[in-house]
Amino acid sequence: MIIVFRTNEEAQRVVNKLIALGMQNVFVHLNRVAIAGYKQVQDLPQSIQADLPTDIEIELAPANAVQVSRAFHPEDTVIKTKHSTIGGDHLTIIAGPDSIENSAHIDYMAQTVKELGSTILRGGSFKPRTNPYSFQGLGKTGLVYHREAADTAELDMMTEIMSTQDFDLVDEYTDIFQVGARNMQNFSLLKVLGQQMKPVGLKRGMSATIDDLLNAAEYIMAYGNPNVFLIERGIRTFDAKYTRNTLDVMAVPVLRELTHLPILVDSSHATGKRNLVIPGARAAVAAGAQGLMFEIHEQPDAAFVDGAQAITPTVLAEALPGIRQIHDLVEE
Ligand code: PEP
Ligand code: MN
């Protein structure tokens, strides 16, 4: 439940009282107070009810995920990193290979990503592979190469973390944590990422509902980290013959309405086919996406992982001006 007061002072006064009464999961943002687990004023302690001004408004958060909700925090969250702005009316471009392959390759990718005007260099060193015998990523060596490449090209580094056990290691190198679709509901991991302040790019699980995604983001915020952005990356549907996943385009406007967190789309994983990546990206931006993630490779068929969906830097360079135009049109 979110109570909207006339003034910030009124909100703060009621919050102080709720906390003094020992109530937990109470949050304040300007003139709004969120109380997780409550749906109506009648359920609050009598002394609070008696003390509430008459001209308040009550709003309900989707799935009771209060801190992520726009009802609690009407303005867009904008996350600033050394090289990037994520959220608001910015279009953030994240690009890079699926995986760090070797030092020279990620250096080359970094230069290319820089030339494309992207500010975030993606790449996995801990890979969530379906098959245990497939390439699992270079681990620490990959993180070292990735960091060096990002620093030389003056880009932010974003990489996936799969387990709480890897936290100290990945944290030593990365600027932005990626939580993959398969770990969206790894609640232990979400709690750990909530207890530090680096941005977290949270991918939607392949069978996760929008409420599941919002609650996963709420976990990170509940533990103290407000720097979360969401990434729609396609969901499993009945027809996977022509696409790897189904890009849930309508998740974008729905999420923009429900949450203040930045909404990005990874059209590479959502489509899984290189000829569909750009159409998917255009659709995402037309629907209101505030950023895009692309897997790129100069020799897509030679990519260690996910070559079928990798596009060349040239293809991306040709498409980006049009994508930016669509974004500007939508933002007008
Ligand atoms: C990736 O970004 O390479 C990846 C594994 O993505 P997802 O978690 O969306 O499958
Ligand atoms: Mn991939």
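Within the range 117-140, is even one residue away from ligand 1 (no atom under 12 Å from the Cβ), of a type outside the set (D, E, K, R), within 20 Å of residue 85 (Cβ to Cβ) and surrounded by fewer than 18 Cβ atoms within 10 Å (Cβ to Cβ)? So far as the range 117-140 goes, yes, one or more of its residues are away from ligand 1 (no atom under 12 Å from the Cβ), of a type outside the set (D, E, K, R), within 20 Å of residue 85 (Cβ to Cβ) and surrounded by fewer than 18 Cβ atoms within 10 Å (Cβ to Cβ).
Checked against (1) in contact (Cβ under 8 Å) with a residue 24 or more places away in the chain; (2) closer than 22 Å to residue 95 by Cβ, residue 151 meets all criteria but (1).
The numbered conditions (1) closer than 13 Å to residue 181 by Cβ; (2) in a helix (DSSP H, G or I) are all true for residue 230 except (2). Among the residues of the range 278-290 satisfying the criterion of being at negative phi and within 15 Å of the chain's Cα centre (by Cα), which is surrounded by the fewest Cβ atoms within 10 Å (Cβ to Cβ)? Among residues in the range 278-290 that are at negative phi and within 15 Å of the chain's Cα centre (by Cα), the one surrounded by the fewest Cβ atoms within 10 Å (Cβ to Cβ) is 290. For the residues 89, 76, the requirement of being under 30 Å from residue 155 (Cβ atoms) and surrounded by fewer than 14 Cβ atoms within 10 Å (Cβ to Cβ) singles out 89. Out of all the residues in the range 121-134, which are under 24 Å from the mean Cα position of the chain (by Cα) and either more than 15 Å from ligand 2 (Cβ to nearest atom) or part of a loop (DSSP other than H, G, I, E, B) (or both)? The answer is 123, 125, 126, 127, 128, 129, 130.
Residues are listed down the side, and each one gets a yes or a no for (1) farther than 28 Å from residue 75 by Cβ; (2) within 16 Å of ligand 1 (Cβ to nearest atom); (3) among the aromatic types (Phe, Trp, Tyr):
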site: 251; (1), (2), (3): no, yes, no
site: 258; (1), (2), (3): no, no, no
site: 266; (1), (2), (3): no, yes, no
site: 271; (1), (2), (3): yes, yes, no
site: 275; (1), (2), (3): yes, no, no
site: 282; (1), (2), (3): no, no, no
site: 290; (1), (2), (3): no, no, no
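Run residue 225 past the list (1) surrounded by 24 or more Cβ atoms within 10 Å (Cβ to Cβ); (2) within 24 Å of residue 79 (Cα to Cα); (3) polar (S, T, N, Q) and report the number of the one that doesn't hold. Failing condition for residue 225: (1). Condition first: hydroxyl-bearing (Ser, Thr, Tyr), away from ligand 1 (no atom under 13 Å from the Cβ) and either not in a loop (DSSP other than H, G, I, E, B) or not assigned by TED's automatic domain parsing to the domain that holds residue 150 (or both). Now tell me which residues in the range 82-116 satisfy that. Correct list: 85, 92, 103, 108, 112. Selection of first residues in the range 32-51 that are in the same structural domain as residue 20 (by TED's automatic domain parsing) and of second residues that are among the basic types (Lys, Arg), restricted to Cβ pairs under 8 Å at least 6 apart or on distinct chains, gives the following pairs, ordered by first then second residue: 47/17; 48/17; 51/17. Of the residues in the range 162-169, none is crowded, with 24+ Cβ neighbours inside 10 Å and either in the same structural domain as residue 105 (by TED's automatic domain parsing) or at pLDDT below 95 (or both). Within the range 202-218, residues that are of a type in the set (Val, Ile, Thr) sit with their Cβ atoms under 9 Å from residues that are surrounded by 21 or more Cβ atoms within 10 Å (Cβ to Cβ) and assigned to a helix (DSSP H, G or I), at 6+ positions apart or across chains, in these pairs: 210/251; 210/255; 210/258. Is it fair to say residue 191 is more than 23 Å from residue 316 (Cα to Cα), basic (Lys, Arg), away from ligand 1 (no atom under 16 Å from the Cβ) and touching a residue at least 12 places away in the same chain (Cβ under 8 Å)? Yes: the conditions hold for residue 191. With respect to (1) among the charged types (D, E, K, R); (2) out of contact with any strand residue (DSSP E or B) (no Cβ under 9 Å at 6 or more places or on another chain); (3) at pLDDT 95 or above, the lone exception for residue 32 is condition (2).
The values are calculated or read from the model by the stated rules, or taken from the named source; none is laboratory data. Here the structure is a predicted model, which means the values were calculated and not measured. Here Cβ is always computed from backbone atoms with ideal geometry, including for glycine, and neighbour counts include all displayed protein chains.
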